[in-house]
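This report concerns only the one structure given below.
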Amino acid sequence: MQEEKMKNKRLITVVVIILVYLAGAFIYGKASGEKESTSTNQTKKTTVVGVLQYVSHPALDEIYRGIKDGLKEEGLKEGENLEIKFQNGQADQSKLATMSQQLVQSDPDVLIGIATPAAQSLANTTSSIPVVLGAVTDPVGAGLVGSLEKPGGNVTGVSDQPPVASQIKLASDLLPNAKKVGILYASSEDNSKYQVAQAEEAAKKEGLEAVKYAVPSTNEIAQTVQVMSRQVDFIYVPLDNTIANAMQTVVKEANKANIPVIPSVDTMVEQGGLATIGINQYQLGLQSGKMAAKLASGKEKPETIPVYMFDQGDTVINQSQADHLGITIPQSMKEKAKIITDESQQETSKEDDK
Ligand code: TRP
């Protein structure tokens, strides 16, 4: 009897010890489990955005500025909950490929390609990480999306398709005696092909003869502009990165022969183009940044987000160039336009220096 009791007691003690041990393990496990999940939450809180810019020219730099502000507007702040990995391909295809690899390997939440060649390079490198197009003229033609409404894959973004017909109309309003337009672009850029075709058509409608001048690289620009200046009444430039990057050369050569340059974007008017109706570059960046933030959160999927398009451009006129070329800008046109002068340019660059 005594022995029985002893046995029972021992059994109870063993059971109690096991229970205490299990309870302890359970509480400890839960606590450490919670710790783990807070630490993953913390790492997840920093959103990583990889940005690949094709080349530096004022328009693309302005787009990047907009991108950073767009991310900020959606609550992503550098140094707090956002890390931006930025690379500039300097218009070099092999650099673009290596940089795309590096960006993809850094396991970002979203990637942004600024200009067509950068976006193409990113899209060729990953089919799972969302890629945002930072102002691509022709996303379908460049093989980046299935359609503008339903991109279908891991790529969507913002298109900067400009109002080409309005731009050509503006040119012929400003230059009523012009008969022949020369279209200057780089043969390597997919984004330009599409716009060149549109410009040819628009020129025909305005009763202008259009001649295409494709340059194989930056090296041929000065000479091509010299040739054009003898053959055409004005030069039209699409959203071409190679030309935008060499705008100073274009303007210098064209000015020697008093030939106006009508570009497709405000920043190129600031660089010495005569006038345009263009989409604000900063706004393009802002939209791209906002879209990237939404995709990074994982709440939305790129395949179902339509490509964002702008339907209105701003009229921008370079008064100093008009004076230089001896062109009178009609008052009615001035009233609707943003007027740029060499002085206002200097003032803004002074402000930028501050
Ligand atoms: N749309 C161009 C592309 O698809 C990029 C671009 C944006 C651009 N803004 C520009 C090119 C201004 C020249 C000038 O590559």
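The values are calculated or read from the model by the stated rules, or taken from the named source; none is laboratory data. As the structure is a prediction and not an experimental result, all values here were calculated from the model. In this analysis, Cβ positions are derived from the backbone assuming ideal geometry, glycine residues included, and neighbour counts consider all displayed protein chains. Only protein heavy atoms, including side chains, enter the accessible area calculation; ligands, DNA and RNA are left aside. Shrake-Rupley method; radii C 1.70, N 1.55, O 1.52, S 1.80 Å.
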Where does helix 281-296 land angle-wise versus the long Cα axis of the chain, in degrees 0 to 90, nearest 10?
20 degrees
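May I ask for the percentage of alpha-carbon pairs in segment 106-225 that lie more than 23 Å from each other?
Counting pairs separated by more than 23 Å, the tail of P(r) holds 43 percent.
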Taking each pair of different alpha-carbon atoms in segment 92-167 once, compute 1/r for the pair, average those values, and report the inverse of that mean as the Kirkwood hydrodynamic radius in Å to one decimal.
12.7 Å
Using alpha-carbon coordinates, inclination of helix 190-205 to the longest axis of the chain, degrees:
40 degrees
Would you please report the Å³ per residue occupied by the convex hull of the alpha carbon atoms in segment 195-354?
172 Å³
Measure nothing fancy, just the Cα-based angle from helix 2-45's long axis to the longest principal axis of the chain, in degrees from 0 to 90, nearest 10.
10 degrees
Sorted largest first, the C-alpha extents of the chain along its principal axes in whole angstrom are 124, 40, 33
Residue-level accessible surface for D109, protein heavy atoms, 1.4 Å, Å²:
40 Å²
Restricting attention to segment 267-318, which trypsin sites (Lys or Arg not before Pro) occupy a DSSP loop and are surrounded by at most 10 other Cβ atoms within 10 Å?
K299
Please identify the GluC sites (Glu not before Pro) of segment 70-122 that satisfy two criteria: DSSP loop assignment and at most 13 other Cβ atoms within 10 Å. Which are they?
E80
So, in nm, how far is label S187 from label H324 when the simple model puts each one 7 Å beyond its Cα toward the Cβ?
3.0 nm
Could you calculate the contour length gain from T98 to K301, that is, 0.36 nm times the residue separation minus the distance between their Cα atoms, to one decimal place in nm?
70.4 nm
Full extension from I339 to D311: what is 0.36 nm times the residue separation minus their Cα-Cα distance, to one decimal in nm?
7.9 nm
If you stretched the chain out fully between E220 and Q105, how much longer would it get, using 0.36 nm times the residue separation minus the C-alpha to C-alpha distance?
37.7 nm
Roughly how compact is segment 255-298, stated as its Cα Rg over 2.2 N^0.38 Å to two decimals?
1.73
Taking R0 as 56 Å, what's the FRET efficiency between V227 and T46 from their Cβ-Cβ distance, rounded to 0.05?
0.60
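What's the Kirkwood radius of segment 266-337 in Å, using all Cα pairs?
14.7 Å
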Given the pairs K150/K204; K169/K212; K169/K290; K68/K301, which are separated by over 24 angstrom at their Cα positions?
K150/K204; K169/K290
